[in-house]
C-alpha cells in the first residue's frame, strides 16, 4: 500500500498535465463538430477525398455529420495519445528507480521486487483509469448540447472500455521492455518507437490489403470504431488477444525483473 | 552464531570479474572491516548480500538464511548505508524517513528523532536541497531507524566532516554495544582501525587476508627510525627487515621478528635518536596492495 501511495503521489503532476491537455483537446474537437453536426455538405466533401487518403487517416467509414461518426473518427487519436502516455508510464515505472539511482535504496528495504512491481502496477492502473475518466468526462460534458442518437451512451461506453484496454496493453508492453532492458535510457526510446511503428503500420493496413494479416499484432486495429458502431460490442477475438498481451506483459515483468541484476552505478 | 556467511561467492559481470571465490564469516556482535582499494569488489560483495545483484556461483547466508531466497525477510534486520546516497528528490526528509519506516513492522518515530538530533539533521528540508554531507546524514538515519541487527556500511564516511564522523562512529559503537553486528567497508584504513575487531582484505576480487586487528597491529610489525652520523644500511640488513630506506642521517625500516635481534643491532650503532612505533594499518597493508 505504501508503494501504491507513493507512486500515485509521484505521478500526480504528470497525470494532471496529461488530463488537462486531453480534456482541452477533446473539448476543442467537440466544438469543431458544431460546424459538422447534421450538415450533409461535410459528408459530400469527405466523399470527394480519395479513399486511400481517408484510409491513411483512418476516416474511411465514418459519417462525420453524425455525432457517433465524428467521435469514431477521433477515437484513433485518443488511442494514440493515451497509448503514448501509457507506454511511457509503463517503461518509466520500472526504469526510473535505476535511472534516478534510487534502486539501491528501494530494493534494500524489506520488500521483494515482485511486491514493488505489484504496487507500482496498481498505481499505474489507477493512473490510467483516472486519465480515461477525465477524457470520458470531457467528452460527455462537451457533447451535452448536441443531439445524440439513442445508442450514443452505449457507443461512448464501448469506446472508452476499448480505450482503457489499449492503455493497459501499452502499459504492459512498456513495463516488459524496461524489465528486460538494463539500459534505462534506451527502454523509453524503444517503447515509443514500438508505439509509433504500430501506429504507422495500422494506417498502412488500411491502404495495403496484403498487410491485413498484421492486424492481429497491431493493438490500434483491435477496436476499430467501424466495428463498434455496427456491432455495438467489442470484437471477442481481439478482446482475448488484448488480455493475452496484458497478461504476458505484466506476468513477464513480474517474472523477469526480480531475476535480473539491477543496473547500479 | 555467524551473522554473515559467504561461501565460494563469485560474480562476473558479463565477462569481467567482480569477485572470485570469496569466503567470509562474520560473527554476531563483531565490527568487521572490509578493506580494499576502489574496484577491488567491496561493493559487489555487499550488493550480492543485499540481493541487488545475483551471484554467478556460490552462496551467501545472513542470520543463517539464504540471502536471496529469504531476501525480504532478512532485510528486516539489516540497515544499509550505501557509498552514494540517492533518494526521491522531491520528497521531504521526514516523509522519506517515514516512508522507509513504513516497511518495518515497528514504530520508528522515536528513533528517527533521536538519530536526527545526534546528527543535526533538519527533517523539514527537501532531499534535492541537501548537500552531499546532509544526504549522507539522511542515509545514516534511514539505515539505523529500525534498530537493525546487522548494519552494512559501504564507504560510509565520505562527505561527513570530522566532528560528524566522530558522532557517527559513537552511534555505531552504541549500536554495537546494543548487540548489532557491523560490516564496514572502506579504503580508508584509519577509520577501520578505530572501530573494527577483525578485518578482511580484498584485492582484485579475492580475499587476501582475514585477521584480528590486534594481531595485525601488535604482534607483527614495528616501524623503526634511527638518526645518527655514519649510519650504514648493512647493519640492518637482517631477516625481517623491510622497506629499508636511508636518507642523509636517517634510516627507516619495518621489522617483524625476534625483538632482541633488532635491539642488538640498534645497540651496535652510535645513534642520536631512535623511534620505535606501531605502524599504521595503511603501512601494514601496503604490501597486500602492491
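The values are calculated or read from the model by the stated rules, or taken from the named source; none is laboratory data. Worth saying up front: this structure is predicted, and the values here are computed from it rather than measured. So basically every Cβ, Gly included, is an ideal-geometry build from the backbone, and we count neighbours across all protein chains shown.
What residue, of B:84, B:73, is part of a loop (DSSP other than H, G, I, E, B) and more than 20 Å from residue B:200 (Cβ to Cβ)?
So the residue among B:84, B:73 that is part of a loop (DSSP other than H, G, I, E, B) and more than 20 Å from residue B:200 (Cβ to Cβ) is B:84.
If you check A:137, A:131, A:88, A:93, which single one turns out to be surrounded by fewer than 18 Cβ atoms within 10 Å (Cβ to Cβ), under 21 Å from the mean Cα position of the chain (by Cα) and assigned to a helix (DSSP H, G or I)?
On inspection, the qualifying residue turns out to be A:137.
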By residue number, the members of segment B:87-98 that are under 13 Å from residue B:143 (Cα atoms) and without any contact (Cβ under 8 Å) to a residue 24 or more places away in the chain are B:98
Can you tell me which condition residue B:106 does not meet? The list is (1) within 14 Å of chain A (Cβ to nearest Cβ); (2) surrounded by 16 or more Cβ atoms within 10 Å (Cβ to Cβ); (3) closer than 24 Å to residue B:176 by Cβ, and all the others hold. (2)
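Residues checked against (1) surrounded by fewer than 17 Cβ atoms within 10 Å (Cβ to Cβ); (2) part of a helix (DSSP H, G or I); (3) at the interface with chain A (Cβ under 10 Å from one of its Cβ atoms):
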site	(1), (2), (3)
B:54	yes, no, yes
B:98	no, yes, yes
B:110	yes, yes, no
B:141	no, yes, no
Residues located in segment A:98-128, provided they are touching a helix residue (DSSP H, G or I) at 6+ places or on another chain (Cβ under 7 Å), free of Cβ contacts under 8 Å to residues at least 12 places away in the same chain and assigned to a helix (DSSP H, G or I): A:106
Of everything in segment A:1-50, what is exposed (fewer than 14 other Cβ atoms within 10 Å of the Cβ), at pLDDT below 90 and part of a helix (DSSP H, G or I)? Give them in sequence order. A:31, A:32, A:40, A:41, A:44, A:45, A:47, A:48
In segment B:112-124, anything under 29 Å from residue B:73 (Cα atoms) and part of a loop (DSSP other than H, G, I, E, B) is listed as B:119, B:123
Are any residues in segment A:253-265 assigned to a helix (DSSP H, G or I) and buried (at least 17 other Cβ atoms within 10 Å of the Cβ), and if so, which ones? A:253, A:254, A:257, A:258
Within 7 Å of chain A (Cβ to nearest Cβ), in contact with a helix residue (DSSP H, G or I) (Cβ under 6 Å, 6 or more places away or on another chain) and without any contact (Cβ under 8 Å) to a residue 60 or more places away in the chain - does that describe any residue in segment B:66-84? no
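Could you tell me whether segment B:268-282 includes any residue that is part of a helix (DSSP H, G or I), surrounded by fewer than 16 Cβ atoms within 10 Å (Cβ to Cβ), modelled with pLDDT under 80 and within 33 Å of the chain's Cα centre (by Cα)? Before the answer, list the steps.
First, pick out the residues of segment B:268-282 that are part of a helix (DSSP H, G or I): B:281-282.
Okay, now just the ones that are also surrounded by fewer than 16 Cβ atoms within 10 Å (Cβ to Cβ), so B:282.
From what is left, the residues that are modelled with pLDDT under 80 are B:282.
Next cut, within 33 Å of the chain's Cα centre (by Cα) only: B:282.
Yes, that holds for at least one residue.
Are any residues in segment A:142-163 in contact (Cβ under 8 Å) with a residue 12 or more places away in the chain and either part of a loop (DSSP other than H, G, I, E, B) or within 28 Å of residue A:13 (Cβ to Cβ) (or both), and if so, which ones? Talk me through it step by step, then tell me what you get.
Quick first cut of segment A:142-163, residues in contact (Cβ under 8 Å) with a residue 12 or more places away in the chain only: A:142-143, A:146-149, A:151-152, A:154-156, A:158-163.
Within segment A:142-163, A:142, A:143, A:146, A:147, A:148, A:149, A:151, A:159, A:160, A:161, A:162, A:163 qualify.
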State whether one or more residues within segment B:3-23 are farther than 22 Å from residue A:259 by Cα and either within 12 Å of chain A (Cβ to nearest Cβ) or in a loop (DSSP other than H, G, I, E, B) (or both). no
Which residues, counting only those in segment B:85-94, are more than 9 Å from chain A (Cβ to nearest Cβ) and either crowded, with 19+ Cβ neighbours inside 10 Å or farther than 10 Å from residue B:128 by Cα (or both)? B:93, B:94
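Using the structure shown, decide if residue A:108 is crowded, with 18+ Cβ neighbours inside 10 Å and over 21 Å from the mean Cα position of the chain (by Cα). Don't jump to the end; show me each part of the working.
On the way: crowded, with 18+ Cβ neighbours inside 10 Å: yes; over 21 Å from the mean Cα position of the chain (by Cα): yes.
So residue A:108 fits the description; yes.
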What are the residues in segment A:218-236 that are touching a residue at least 12 places away in the same chain (Cβ under 8 Å) and part of a helix (DSSP H, G or I), if any? A:219, A:220, A:221, A:225, A:226, A:228, A:229
